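Visitor: Let me begin by handing over the structure; questions about it come next.
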Amino acid sequence: MEEATIYDRLTKEGLGRLIHRFYDLVHQHPLLREIFPEDLTETREKQFAFMSGFFGGPPLYMEKYGHPRLRMRHLKFPIGEGEARAWLACMEQALKDTVPDQKLREDIFAALARTAVHMINQ
Ligand code: HEM
């Protein structure tokens with residue numbers, strides 16, 4: 001039997017709750033609010049599409065926008081260690097607020113922490 005993916009464990013609704021909470025926190029964060037757009041509607045939508053595939057669910061981002069080329073897309077934003085740490089802190093808080101299963105929270109955080117390191121460009 002194949003192992004359940006993070007997407008299966010989190011569910012589509014859970015992913016929606018996580019992303020919603022995450023961008024509410026990003027919007028309030030003094031460091032991150034400077035580099036993100038004021039209106040996060042499209043950002044939320046794109047991140048949902050991306051994380052759906054990233055966590056083993058439907059590859060919605062690829063279907064709609066093509067290959068994400070994440071590092072390249074982040075080059076126009078100044079991302080140092082501080083920004084990466086802030087992004088991950090918002091994610092950690094959003095996980096605590098929306099995902100009751102601790103093991104699942106840890107698995108999600110580990111996967112995102114590995115990726116966040118690659119976005120550092122300063
Ligand atoms: C877009 C910042 C890490 C996935 C963005 C945008 C910013 C940003 C400013 C543009 C938002 C917009 O214009 O709508 C950061 C910072 C990070 C980080 C400071 C800290 C390390 C990550 C990670 C992932 C990710 C770890 C994936 C696991 C995305 C995606 C988009 C995006 C999918 C939308 C790309 C598109 O426009 O099509 N990010 N990001 N980011 N980010 Fe990040």
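The values are calculated or read from the model by the stated rules, or taken from the named source; none is laboratory data. Treat the numbers as computed from the prediction; the structure is a model and nothing was measured. Side chains are part of the model used for accessible areas, which takes the heavy atoms of the whole protein and leaves out ligands, DNA and RNA. Shrake-Rupley method; radii C 1.70, N 1.55, O 1.52, S 1.80 Å.
Visitor: Expressed as an acute angle from 0 to 90° and rounded to the nearest 10, what is the orientation of the C-alpha long axis of helix 102-117 relative to the principal long axis of the chain?
Guide: Long axis of 102-117 versus the principal axis of the chain: about 40 degrees.
Visitor: Per residue of the stretch 33-40, what does 6.51 cos²θ - 1.76 cosθ + 1.60 with θ = phi - 60° give for ³J(HN,Hα)? Whole Hz please, x for Gly and Pro, Karplus curve as stated.
Guide: 4, 5, 9, 8, x, 5, 9, 9
Visitor: Quick one: angle between helix 12-28 and the longest Cα principal axis of the chain, in degrees between 0 and 90, rounded to 10, please.
Guide: With rounding to tens, the tilt is 20 degrees.
Visitor: Moving to a separate point now. With every protein chain present, what accessible area does Lys46 have (1.4 Å probe, heavy atoms only), rounded to the nearest 10 Å²?
Guide: Roughly 60 Å² of Lys46 is accessible to a 1.4 Å probe.
Visitor: Summing -39500 (n - 2.57) over the DSSP H runs of n ≥ 4 in the chain and dividing by its residue number, what mean residue ellipticity at 222 nm do you reach, to the nearest 500 deg cm²/dmol?
Guide: Roughly -20500 deg cm²/dmol at 222 nm, from the helical runs in the chain.
Visitor: Next question, about the same structure. Restricting attention to the alpha-carbon atoms of the stretch 6-117, what are Rg (one decimal) and Dmax (integer), both in Å?
Guide: Taking only Cα atoms of the stretch 6-117, I get Rg and Dmax of 13.4, 35 Å.
Visitor: Before anything else, pin down the relative contact order of the stretch 1-84: Cα pairs under 8 Å, at least 6 apart, normalised by residue count, whole percent. Display every interim value, and only then the final one.
Guide: On the way: 51 pairs, mean separation 25.0, N = 84.
So the answer I get is 30 percent.
Visitor: Roughly how many whole Å is it from the C-alpha centroid of the stretch 78-122 to that of the stretch 19-67?
Guide: 13
Visitor: OK, next. Using Cα atoms only, what is the angle between the long axis of helix 41-54 and the major principal axis of the chain, expressed in degrees (0 to 90) to the nearest 10?
Guide: 50
Visitor: Something else about it: Among Leu18, Leu95, Leu60, whose mean-square fluctuation peaks in a Gaussian network model of the chain (Cα, cutoff 10 Å)?
Guide: Leu60
Visitor: Please check: in the Gaussian network model of the chain (C-alpha springs, under 10 Å), which one of Gln28, Gln93, Gln47 has the largest mean-square fluctuation.
Guide: Of Gln28, Gln93, Gln47, the Gaussian network model singles out Gln28 as fluctuating most.
Visitor: Among Met72, Met51, Met91, which one shows the highest mean-square fluctuation when the chain is modelled as a Gaussian network with alpha-carbon springs under 10 Å?
Guide: Ranking Met72, Met51, Met91 by mean-square fluctuation puts Met72 first.
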